[in-house]
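See below for the structure under consideration.
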Amino acid sequence: MGTKQKIGTALDSKVIRLLRQRSRNTGKPVNRIIEEAVLAHGKGSVSDGASSALRLEAMRGFFSGGPSLPPRVVEEILAEDPFDQ
């Protein structure tokens, strides 16, 4: 990707808690989770409306702090071709 550079930023405590939880669940460091989310967001900005709506629903489910995503949403995300952007 390139040279890493340290930055400082202020995040809501709920976002930090969710990031740490995702880090524990995936075994990925927090910075990688943020990098992947930012890169995916950039790629998603040129996608079709249906795909964007699905991503928005997934994002709301992730940040809601509630239960897991509904099985239908997970199946749709898994069925999507990651290289079809």
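Numbers at a glance
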quantity: Residue selected from region 26-49 under the condition surrounded by 11 or more Cβ atoms within 10 Å (Cβ to Cβ) and among the small types (Gly, Ala, Ser), by the criterion modelled with the lowest pLDDT; calculated: SER47
quantity: Of residues in region 1-19 being of a type outside the set (Val, Ile, Thr) and under 13 Å from the mean Cα position of the chain (by Cα), the one most open to solvent (accessible area, probe 1.4 Å); calculated: LEU19
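The values are calculated or read from the model by the stated rules, or taken from the named source; none is laboratory data. Fair warning: this is a prediction, and the values are worked out from it, not measured in the lab. Glycine also receives a Cβ, built like all others from the backbone with ideal geometry; neighbour counts cover every protein chain displayed. With ligands, DNA and RNA removed, areas are computed over all heavy atoms of the protein, side chains included. Shrake-Rupley method; radii C 1.70, N 1.55, O 1.52, S 1.80 Å.
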